[in-house]
Structures are given as structure tokens and as C-alpha cells.
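Please read the structure below before turning to the comments.
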Amino acid sequence: MKRTTMFALTAISCMTVCAQVKIKGVLENNRYDDGDEMRSEWIGSLYDENGKYTGKTAFIVDNGIYAMNWNGTTLSTPKKEPAVNIADIKQGSQVDYDKAVWATNFNLMAGNSGAVYVDGTITTVFSRDYQSTEDDELFAVRKWNATTGDLLSGPSDFYPVSMHLESAGMSYNPVDGKVYGLFYLTAQQLGDDITSDPGYFVDEDDEASGTDAGYAICTIDLKTLAVTPITPGLYYKNFVTFAINSEGRAFALTSGGSNGYVDDDGKLKNMDGVTAGAELCEFDLKTGLMKTYTVEHYAGTDSAYVSQENIYKQGMGYASQYRRQSACFAKSNPYKMYWNGYYNSGKGINDWGSWSSLSDKEWRTNGKFDTCLYEVDILTGTCKRLAKIDNRCIFSCMWVDGDDNSDGAGEYAGIGSVAAKTTTGTATTQTYNLAGQRITGSKGAQRGLSIVKNGNTVKKVMNK
């Protein structure tokens, strides 16, 4: 009887830890030097119901919504979902007009300046070429049905550079129903209400000029596209992504640079042997400030100074220096962040046997710009590489299908702001297993090691 019980418990435990996660995202154009950009397949010319040529051509592109499955061991090749097949659009010489337009619209699905999923709706922000675009039409903003891929709005909607819509990432906060992001701003764009405040940061060059630029936590109203800064200044770190978990905690990753060496454990180390690479940063969404701790420095017996440093005290061992990346949390697991980053920051062993930059003309074999799915533990600030992603896919936003913080948030959650949620009473104790799944009811007292959260306090508890 005991053997049967133990086997059953083991099977249940395996099912919990090995449960498949389906991650979806908006495919973003990767970087190539050999001219092999995103592909397009010609469908045909489009004619109206009277047989008159419309002047438009239909084609199938790589852009779109993709899904990949992680089962705890392997990661599936990202597949376009919904799929776009020429056989569904064209029969012989006959082209289905509506389906052809639907397929062609994916050419507009690009979020090189950020994208966000909110309750079934995707918003993409595309920054057009500075060299060939007027400032008053720099940003193209489109909205999409995340299930069907239908273009909901924005095929010809362009916005001026003054709206500063470029971000390192955006994410929905289920605590107050707002969308936040790390937006790229100049000091002038912060506004007098921030720069005149006594608590305004002193920027790095000690000169608040319009040429200073960095990142600030802001809210964005997806209906009006108004961006409202919260951070009382600018951060100059090279942030590459941003995500908020189900508890309303906001996290960003830095690129981590690429200086140092890769140790035997596969992680990047600095010259002192300390784990380097991308840094995990947490922000207070009420103040817009990064969470830090005070460090005293001594330059001699009579001189000392203090600095505020990131609460996560070292890098995660992986450098991922190119900007357009993404991260997300499952609603059911607030302590595990999935991150779609690069494998080696575009470096590798060159023809001389040195770890250095590589040409991208041989990207299929040299590994440059290969991408990966990473798992970040926000309790410890550590990271592990789960798997390389086939075809080096990179995404401008990601979400866990059927388990996103914004799902069911309301009819207008994907279009504009929603009413803030309020909570009353004392903090609620929540218990999680080591895989990060919430334990409820009588299971909360299960034997073994578990994670117990009460308010902002998190600790590991052994139940005997």
C-alpha cells in the first residue's frame, strides 16, 4: 500500500513540475548581414467583386503570432498561430479577397519599439526609419486580435516623435489595471512637474539638458497612447525587456554587455571571477524607482561615500546585448519569469580562436544572434538557459497562453485604461511549491519544503 501511495505521489509531483507551458509571442525581425530578411511569398493580384484590379498585391510573410511549447525538457519549434497557408487563400487562379487581405496585413505586425498583450488584444508600436520619415509620422501603432490575428485598427495610424512611444517593454499590472513600460525619454520630455521637484535625480553628466536620454517607468493609455512618466529622472542602463507578475511586481533586464569570459559552467564571469552579464532589476511602480540598497565605500581613512546599488547583487551569467527582447510571467507562477534573449550576444570563436565578434553572413552555422528561452528566478536573481529557439526567433512581446495576468481583465483592457483595483484588510498568506505553483486548501500544509509569502515577505518553510 505504501508503494502505491509513493508511486502516486511521485506521478502527481512529476505532472506538476513537468506541466507543459504554451508561450505565444509576436515575431520580430532578427538581424542578418546576408540579405536574408523575413521572407514573403507572393499570392497574387487582388481584384474586387466586379473583377476590377484594386492595385493591391497579396503575399504571405513570416511576421505574425507564434506559439512554442515548453514541457520542462524540450522546447518546440515556434509555429505561426493562426497558421497562414496559401492553399486556404488561393485555389488555382482564384484568390479569396478577404483571406488574402488578412494574410497580407501581417506585414504590418511589427513591434520594434515595443508591443504588449492585454486580455486578448495585442498592441504593436513600430518605429519607422528616422532617415526617411517625417517626425510627425514616426510611430505606427496597430492593434490585433491575439487569437484570430485580425487587424483591429491602425493600418494608417501614425504618431509624432513627441509622443515618445519607444519602450524597452510594456506590461499589464493586474493590481491597478494599468499598462506600464520602460520608455525611452529625454530630460525635456519628463516635464516640469518632475524636473522642478526637489527629488528629481541628478543625471549622470550633472546637466539636465534636452540631449540627455534614458529610461523611465511610465504608464501608457492604450486608447489615447498618452505616456505619463512616473520615475523622477532617467535611468541610463541598457534595458532590454520589462514584465510585471501577478503580484504587481515589475522587473527589467539589462543587456549585461559582453566583456569577460565564459567559464566552465557556461556562464559569463568578469576578470575577478564574479558572475557577470545581464542584471535583474525590480521597480516600485508607485515611485518609478529601482529597488536598491545602500553601500558604503571607503577611499581612505578619512574619506567615505555611499551609493545605492541594485538589490540583485550580481549578473545572471548571460549577456544579451541586442535590444528587442521580451519577457513574461504566467499568472499562476509569480516567481518565474520567461525571457526570450540572445545566446551569446553575437560573439563566438572566430577564425583566430578568440572569443570575439563574428560576421553574420554565416549566421546559420556560427551561432551569432542565436536566441534562447531563459528562466529567471526573481527570488534569487538567478537565471538558467532552458533551450535554444529554432530559427533564432525573437519576439517583441510574449505571454503564457491561457495563463496571463490580463486575461479576463475587462472589455476595454486591451484598448484603454481600466478602473484601478483596491484591496482592503491585512496581507494574505500564500503558499507555493518549489515549482512555483500556488498551493491552496488543505494542500497548503503539505510536507516538505515550500515557499510562503505574506505581504512583501517571502521565505522558505519546511513542513514535517
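The values are calculated or read from the model by the stated rules, or taken from the named source; none is laboratory data. It should be emphasised that the depicted structure is a prediction, and the values quoted were computed from it without experimental measurement. With ideal geometry, Cβ positions are generated from the backbone for all residues, glycine too; neighbour counts draw on all protein chains shown. We work out accessible area using only protein heavy atoms, side chains counted, and drop any ligands, DNA or RNA first. Shrake-Rupley method; radii C 1.70, N 1.55, O 1.52, S 1.80 Å.
Look at V84 and say whether it is at pLDDT 90 or above, of a type in the set (V, I, T), within 28 Å of R364 (Cβ to Cβ) and surrounded by 14 or more Cβ atoms within 10 Å (Cβ to Cβ). Against the criterion (at pLDDT 90 or above, of a type in the set (V, I, T), within 28 Å of R364 (Cβ to Cβ) and surrounded by 14 or more Cβ atoms within 10 Å (Cβ to Cβ)), V84 qualifies.
State whether the residues of segment 169-176 include one that is touching a residue at least 12 places away in the same chain (Cβ under 8 Å), small (G, A, S) and surrounded by fewer than 20 Cβ atoms within 10 Å (Cβ to Cβ).
no
Exposed (fewer than 15 other Cβ atoms within 10 Å of the Cβ) and more than 23 Å from M170 (Cβ to Cβ), is that true of T104? No; evaluated as a whole, the condition is false for this residue.
Specify the residue that is modelled with the lowest pLDDT; the eligible residues are those in segment 344-369 that are within 22 Å of S326 (Cβ to Cβ) and open to solvent by 30 Å² or more (accessible area, probe 1.4 Å).
The extreme case among them is K347.
Consider segment 370-402 and keep the residues that are part of a strand (DSSP E or B) and hydroxyl-bearing (S, T, Y). The one that is most open to solvent (accessible area, probe 1.4 Å) is T382.
All of K52, K79 fail the test of being under 16 Å from N29 (Cα atoms) and either free of Cβ contacts under 8 Å to residues at least 24 places away in the same chain or surrounded by fewer than 12 Cβ atoms within 10 Å (Cβ to Cβ) (or both), apart from K79.
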